[in-house]
Amino acid sequence: MLDDTGRPVALKITRWSDSETQLTLGAQAPARIRSLQPEQGGAFVETAGKAEAFLRLPADHGLTEGQSVDVTVMAEARKDKLPRVSMTDTCIPAADNNSWREAPIHDVEIGDDRIQAAFDEASSAVVTIPKGGRLCIERARALTVVDIDSAGRQSKGSAASRALQLNLDAARELARQVGLRSLGGLVILDCVAPLNTGSRKKVLDTMKSCLAEFGLHTATVLAPSQLGLMEVALPWRETPLHERMLDSRGNPTDETLALTGLRLLERTAKQNPMHKLTLELSGQAKVWLDKTGAPLLDKLSDKYGQRFTYLASTKPMPTVYQTA
């Protein structure tokens, strides 16, 4: 989803390999209570599609193991966390629904540069702040840490005035990145000093306003502390984008690399309708394509003809070239 200026503010990824039983945000499904866990405040349930999820329940719920219930997905799975569901009479607050669900959909060419750039930005550890400076975003196990780097920024005024404007621009950009990356949980922004009481309030109000603009009205935001740390607690909704596309070291997964290669192959095939083409992938990405993605290559061959081959390569990123 793009804003009025053409900047991406939300991304949605759906892959061919996604399971039909995958529980997605807002989906409703019949389920059965498999195990009550009062010490955890709820129960483990199993949907009709055999997907597992955690259902939070009040102490006086009156439900029994094996009982059938209808549930709504409140948060998708992430890392070692099961999806979280609620009884269907508890809906996702309208203000926190992702706006891409209602946004108009437009077809774009395979490999569209704007789409690729948006996904590249969403997986980058460093992003540019409008008017200069950078945000350095690092995801730890329990939280996301964001540092502000003023490098390359030119501004006038006192040190306090320059710091305030940079912090305000950083807060606006961080709010956009939260939506772009589907981040949830605790986020810590290390603001630039000096900060007085008035400037802390302005940064707080800006962050709240920008998060609300992106549909996150229920986020909890604290004013920067004496040490300049701003804490933001975000509701978990969709699986964070980096968990779908990157491995634990922050590198593209084998699936991501293989699919990137196939998109590049299709784009090149459309531009060169008579050429035989070869796709080179890193070794493990080729293994993924051999085991899982071969039907996708078959579909490309059905659409563009039997003129493709693919090979293992030592190059980290996919490449496509004309075959002699």
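Some observations on this one:
- Residue among R56, R84 that alone is under 21 Å from L216 (Cα atoms), modelled with pLDDT of 85 or more and charged (D, E, K, R): R84
- Output for the stretch 108-151, where each listed residue is farther than 30 Å from L265 by Cα and modelled with pLDDT under 85: R141
- If you go through the stretch 72-88 and keep only what is more than 16 Å from A43 (Cβ to Cβ) and assigned to a loop (DSSP other than H, G, I, E, B), you end up with E76, A77, K79, D80.
- Answer residue from the stretch 28-52, given it is surrounded by 15 or more Cβ atoms within 10 Å (Cβ to Cβ) and within 18 Å of R237 (Cβ to Cβ) and is nearest to the chain's Cα centre (by Cα) among those: A51
- Note on the stretch 21-69: among residues that are basic (K, R) and in a strand (DSSP E or B), the one that is nearest to S182 (Cα to Cα) is R56.
- Cβ pairs under 6 Å, 6+ apart, first in the stretch 8-26 and without any contact (Cβ under 8 Å) to a residue 60 or more places away in the chain, second hydrophobic (A, V, I, L, M, F, W, C): T21/A51
- The stretch 110-126 - residue that is among the acidic types (D, E) and free of Cβ contacts under 8 Å to residues at least 24 places away in the same chain and, of those, surrounded by the most Cβ atoms within 10 Å (Cβ to Cβ): D112
- Note on the stretch 240-268: residues that are touching a strand residue (DSSP E or B) at 6+ places or on another chain (Cβ under 9 Å) and in a loop (DSSP other than H, G, I, E, B) total 3.
- Residue count for the stretch 37-49 satisfying the condition of being modelled with pLDDT under 90 and either farther than 15 Å from S19 by Cα or in contact with a Ser or Thr (Cβ under 6 Å, 6 or more places away or on another chain) (or both): 1.
- Only one of T309, T292, T256 that is hydroxyl-bearing (S, T, Y) and either in contact (Cβ under 8 Å) with a residue 40 or more places away in the chain or in the same structural domain as V126 (by TED's automatic domain parsing) (or both): T292
- Those residues of the stretch 221-253 which are among the basic types (K, R) and without any contact (Cβ under 8 Å) to a residue 60 or more places away in the chain, in sequence order: R249
- Filter result for E280 (modelled with pLDDT of 95 or more, touching a strand residue (DSSP E or B) at 6+ places or on another chain (Cβ under 7 Å), acidic (D, E) and over 30 Å from L183 (Cα atoms)): yes
The values are calculated or read from the model by the stated rules, or taken from the named source; none is laboratory data. Because the structure is a prediction, the values reported are computed rather than measured. Cβ: placed from backbone, ideal geometry, glycine included. Neighbour counts: every protein chain shown.
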